[in-house]
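Participant: Sending over a structure as structure tokens; questions will come in a sec.
Every number here is computed from the coordinates shown, using simple stated rules; none is lab data. Keep in mind it's a predicted model, so treat the numbers as computed, not measured. We place every Cβ from the backbone using ideal geometry, glycine too, and count neighbours over all the protein chains shown.
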Ligand SMILES: [Zn+2]
Ligand SMILES: [Zn+2]
């Protein structure tokens, strides 16, 4: 994510905080800046760790609070790929790809498919104005498939 986008995101945040009469704390901007550096999804632990590495120590409560603000400001999206994992992603990034999710190990891969994007854009939906979309495709990743096949082969030779 280039700095140009981050500057834009900061402007959106400033606008939102002003509108909502919320304080423009350094912490909130530092967290947003860090988020702009992630090339992909992140969870709260990753965010916490990367801020720590930059010697920026914020509590998890502050992180959750800031993420809620960024969600409300429409800057990030919340993904729940599996029951256990909640991840976040810059909205501008999330719009560029679809997500392939392995139902067995929970690994998430991203694919960029322009024709799919075009098809969704061209969908004619009555009484509804699409604003944003993100697509989850569930399946089995190649690693899990390989493991299952190996196990099956083992069981077959035993019999
Ligand atoms: Zn993504
Ligand atoms: Zn898998």
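Participant: Using the basic label-point model (7 angstrom from Cα toward the beta carbon), what is the residue 26 to residue 104 distance in nanometres?
Facilitator: About 4.9 nm separates the two model spin labels.
Participant: Rank 60, 145, 124 by mean-square fluctuation in a GNM of the chain with C-alpha springs under 10 angstrom and give only the top-ranked residue.
Facilitator: The residue with the greatest mean-square fluctuation here is 124.
Participant: Which residue, 123, 70, 22, tops the fluctuation ranking in a GNM of the chain built on C-alpha contacts under 10 Å?
Facilitator: Result: 123 has the largest fluctuation of those listed.
Participant: Continuing with this model, one more query. With a 10 Å cut-off between alpha carbons and a GNM built on the chain, which of 83, 94, 30 moves the most?
Facilitator: Evaluated over the chain, the most mobile residue of the options is 83.
Participant: Could I ask something else about it? Can you report the principal axis dimensions of the stretch 97-159 using only the alpha carbons, biggest first, rounded to whole angstrom?
Facilitator: Over the stretch 97-159, Cα extents along the principal axes are 59, 20, 19 Å.
Participant: To make sure I understand, if each residue's beta carbon is the centre and we count other beta carbons within 10 Å, what order do 95, 27, 89 fall in, fewest to most? Write out the running numbers ahead of the final one.
Facilitator: Details: 95 13, 27 17, 89 21.
So the residues, fewest neighbours to most, are 95, 27, 89.
Participant: Here is a further query. Using only the alpha-carbon atoms of the stretch 1-94, report the extent along each of the three principal axes, biggest first, to the nearest angstrom.
Facilitator: 35, 27, 25
Participant: In whole Å, what are the extents of the chain along the principal axes defined by its C-alpha atoms, from largest to smallest?
Facilitator: Cα spread of the chain along its principal axes, largest to smallest: 70, 47, 26 Å.
Participant: Using only helices, what value at 222 nm comes out for the chain when you add -39,500 (n - 2.57) per DSSP H run of length 4 or more and divide by the total residues, to the nearest 500 deg cm²/dmol? Numbers along the way, then the final one.
Facilitator: Working: 7 runs with 82 residues, N = 159.
Mean residue ellipticity at 222 nm (helix-derived): -16000 deg cm²/dmol.
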